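Enquirer: Below you will find the structure I want to go over with you.
The values are calculated or read from the model by the stated rules, or taken from the named source; none is laboratory data. A quick note: this is a predicted structure, and the numbers were derived from the prediction, not measured. Quick reminder, even Gly has a Cβ in these numbers, built from the backbone with ideal geometry, and neighbours come from all protein chains shown. SASA here: full protein model, heavy atoms, side chains in, ligands and nucleic acids out. Shrake-Rupley method; radii C 1.70, N 1.55, O 1.52, S 1.80 Å.
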Amino acid sequence: MSILIRQSQIILPDGETLLGDVYVQYGKIAAIAPTLNPDDLSADDQPLEIIEATGLTLMAGVIDPQVHFREPGLEHKEDLRSASHACAKGGVTSFLEMPNTRPLTITQAALDDKLSRAASKCVVNYGFFIGATAEILPDLLTANPTCGIKIFMGSMHGALLVDQEEILDRIFSQGDRLIAVHAEDQARIAQRRIEFADSKIPAKHSLIQDNQAALNATQLAVKLSKKYQRRLHILHMSTGEEAEFLRQDKPAWVTAEVTPQHLLMNISAYDKIGSLAQMNPPLRSPRDQEILWQALLDGVIDFIATDHAPHTLAEKGLAGSEDAQINQTEKSSKDTVFLEPANVPSGMPGVETSLPLMLTEAMKGRCTVHQVSQWMSRNVAKAYKIANKGEIRIGWDADLVLVDLNNYKPVRNEDLLTKCGWSSFAGWELTGWAVTTIVGGQVVFANGKVNPDVRGQALQFG
């Protein structure tokens, strides 16, 4: 099947926009022009699907570089099929998934198992991290294909927690593959957990895992990266202190990301949605939000990830309703009871809302659509050396999303495809929703429905 996308606003590289047509053939972008004649495109004898896209904007598909899709072992929260369907609906055409599944992704065998599962059920492209442990297993350096090594410096327990500088130093000193860190100081967190044990403040989680805990770990990771000139990526940066530190001391081989929730939510969210606002690292102050935004606009922070990390409503401590699809924004405090944040797991879903959240900010004038495309596609592909993705160029992979920047509608839990069935952004009015998503030249989402027969491909990393 070939595809002709007609008369969309095409977000081209280098800040250019073209009102025109894009022709897709054999999974690649074959032509870009102000107009293309369908009669001139049928020589390959493939059926030609024409997508009339007047009034829509065509962007490179989103590459989400940090997700937790829970398979294997935790499929009651999410699985690769449900999560990839949610990706397609959200305009996410590729994802990079984290190793804290059951079993942990710390061996070639576990990585191969994930790749096999994804090949059988993912409707978008996929890649997986290999997890570091204190044992420093040999597969950490040899497992392939993988986008990099994930280190949990804090906010973790069990084998994946690596919080001793001596062990971290050994990991940084061996090999040359990218290291991505969850940067929080576990020792400080443990101490503050004791200090705040009796606190009933809704924002307790943010006080325990405070700004200093994040800064300590980020500074340590950068120190080790500089020592060995080792490629480092700082995941879900959350504090103004980290951003200002990187502004002063960011080697060329270091990158950083931020989540939409850290840009758009702050500690006041605990009062509104309780434990549905809890994540690691936690939400911060309005001041942190402003500094993070400026760092993103200035290029100190390189791109955006969701840290999609779903849990069931029951696990999140939501009580008082039998309806698993409860819209927390429509329930009064009499109907909804949130358990203390310390009793529930951290994390929230995000792949279905990340692109409209950021495009809504673009429509407000906070940034541009081109910047959103850079932060959510091009810069991610560049950082992880994913060839021929992240931009709309002739010869590149046809991973594309058509969005409507003129149609505002609310986030509704009942519309979500993520298995957990809720969003921390429920009730927010957003624009830039995906109308059509294309993966490898195949329409995977259109007319509000996912095509379950499409299959993505395993990503390759340079």
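Enquirer: Would you mind pulling out the separation of the Cα centroids of the stretch 246-319 and the stretch 84-150, in Å?
Expert: Between the Cα centres of the stretch 246-319 and the stretch 84-150 lies a distance of 23 Å.
Enquirer: Quick one: of Lys316/Lys409; Lys223/Lys250; Lys89/Lys364; Lys272/Lys419; Lys364/Lys409, which pairs are farther than 18 Å apart, Cα to Cα?
Expert: Lys316/Lys409; Lys89/Lys364; Lys272/Lys419
Enquirer: Could you tell me which of rounded, prolate or oblate describes the stretch 57-201, using a ≥ b ≥ c as the square roots of the eigenvalues of the alpha-carbon gyration tensor, with rounded for a/c under 1.5 and, failing that, prolate when a/b is larger than b/c and oblate otherwise?
Expert: Oblate.
Enquirer: A further question on this structure: For Arg366, what accessible area in Å² do you get when you roll a 1.4 Å probe over the heavy atoms of the protein chains, rounding to the nearest 10?
Expert: Only protein atoms counted, so the area is about 80 Å².
Enquirer: Each residue of the stretch 223-233 in order: what ³J(HN,Hα) in whole Hz does its phi give by Karplus 6.51 cos²θ - 1.76 cosθ + 1.60, θ = phi - 60°, with x for Gly and Pro?
Expert: 4, 5, 4, 5, 4, 10, 6, 9, 4, 10, 10
Enquirer: By how many degrees, between 0 and 90 and to the nearest 10, does the Cα long axis of helix 186-195 differ from the longest principal axis of the chain?
Expert: 60 degrees
Enquirer: Please list Trp375, Trp396, Trp428 from largest to smallest accessible area, probe radius 1.4 Å, with all protein chains kept in place.
Expert: Trp428, Trp396, Trp375
Enquirer: OK, next. Keeping all protein chains in place, calculate the accessible area per residue for the stretch 177-324 (probe 1.4 angstrom), answer in Å².
Expert: Per-residue value: 36 Å².
Enquirer: Quick check: convex hull over the Cα atoms of the stretch 189-233, volume per residue in Å³, rounded to an integer?
Expert: With only Cα atoms used, the stretch 189-233 gives 64 Å³ per residue.
Enquirer: How long are the semi-axes of the equivalent ellipsoid of the stretch 217-307, defined as square roots of 5 times the Cα gyration tensor eigenvalues? Whole Å, largest first.
Expert: With the √(5λ) rule applied to the stretch 217-307, the semi-axes are 25, 13, 10 Å.
Enquirer: Determine the relative contact order of the chain: mean sequence separation of Cα pairs under 8 Å and six or more apart, normalised by residue count, in whole percent.
Expert: Normalised by residue count, the contact order of the chain is 21 percent.
Enquirer: Volume per residue, Å³, of the convex hull around the alpha-carbon atoms of the chain?
Expert: 131 Å³
Enquirer: Next question, about the same structure. Ignoring ligands, DNA and RNA, what percent of the 1.4 Å accessible area of the chain is carbon and sulfur?
Expert: On the chain, the fraction of accessible area on carbon and sulfur atoms equals 50 percent.
Enquirer: Can you flag which of Lys227/Lys389; Lys28/Lys150; Lys389/Lys449 are past 29 Å Cα-Cα?
Expert: Cα-Cα > 29 Å for Lys227/Lys389; Lys28/Lys150; rest within.
Enquirer: Quick one: which residues, 5+ away or cross-chain, put their amide H under 5 Å from the amide H of Asn125? H built at 1.01 Å from N.
Expert: Ser94, Phe95, Gln457
Enquirer: Here is a further query. Given the options Ile151, Gly432, Ala383, identify the residue whose Cα lies farthest towards the positive end of the charge dipole of the chain (+1 on Cβ of Lys, Arg; -1 on Cβ of Asp, Glu).
Expert: My answer, from the dipole projection, is Ile151.
Enquirer: With every protein chain left in place, what is the accessible area per residue of the stretch 85-167 in square angstrom, probe 1.4 Å?
Expert: 32 Å²
Enquirer: Please give the solvent-accessible surface of Tyr384 in Å², to the nearest 10, using a probe radius of 1.4 Å with every protein chain present.
Expert: So the heavy atoms of Tyr384 present about 10 Å² to solvent.
Enquirer: Give me P(r) over the stretch 123-269, computed from all C-alpha to C-alpha distances, binned every 5 Å, as integer percentages.
Expert: With 5 Å bins starting at 0, P(r) equals 2, 9, 18, 21, 20, 14, 10, 5, 2, 0.
Enquirer: In the chain, once you exclude exposed GluC sites (Glu not before Pro) (DSSP loop, at most 10 other Cβ within 10 angstrom), what's the longest stretch remaining?
Expert: That would be 17-321.
Enquirer: Quick one: compute the contact order of the stretch 205-316, relative version, from alpha carbon pairs under 8 angstrom and 6+ residues apart, as a percent.
Expert: It rounds to 31 percent for the stretch 205-316.
Enquirer: Here's a follow-up. Which of rounded, prolate or oblate describes the stretch 392-462 when judged by the alpha-carbon gyration tensor and an a/c cut-off of 1.5?
Expert: prolate
Enquirer: For the stretch 1-136, calculate the relative contact order in percent as a whole number, restricting contacts to Cα pairs under 8 Å that are 6 or more residues apart.
Expert: Reported as a whole number, the value is 20 percent.
Enquirer: Could I ask something else about it? In whole angstrom, how far apart do the alpha carbon centroids of the stretch 15-77 and the stretch 196-245 sit?
Expert: Here the two parts' Cα centres lie 38 Å apart.
Enquirer: Give the shape of the stretch 345-397 as rounded, prolate or oblate, defined through the alpha-carbon gyration tensor: a ≥ b ≥ c are the square roots of its eigenvalues, a/c under 1.5 means rounded, and otherwise the shape is prolate if a/b is larger than b/c and oblate if not.
Expert: Oblate, since a/c reaches 1.5 and b/c is not below a/b.
Enquirer: Next question. In square angstrom, rounded to the nearest 10, how much accessible surface does Cys367 have for a 1.4 Å probe?
Expert: Rounded to the nearest 10, the figure is 10 Å².
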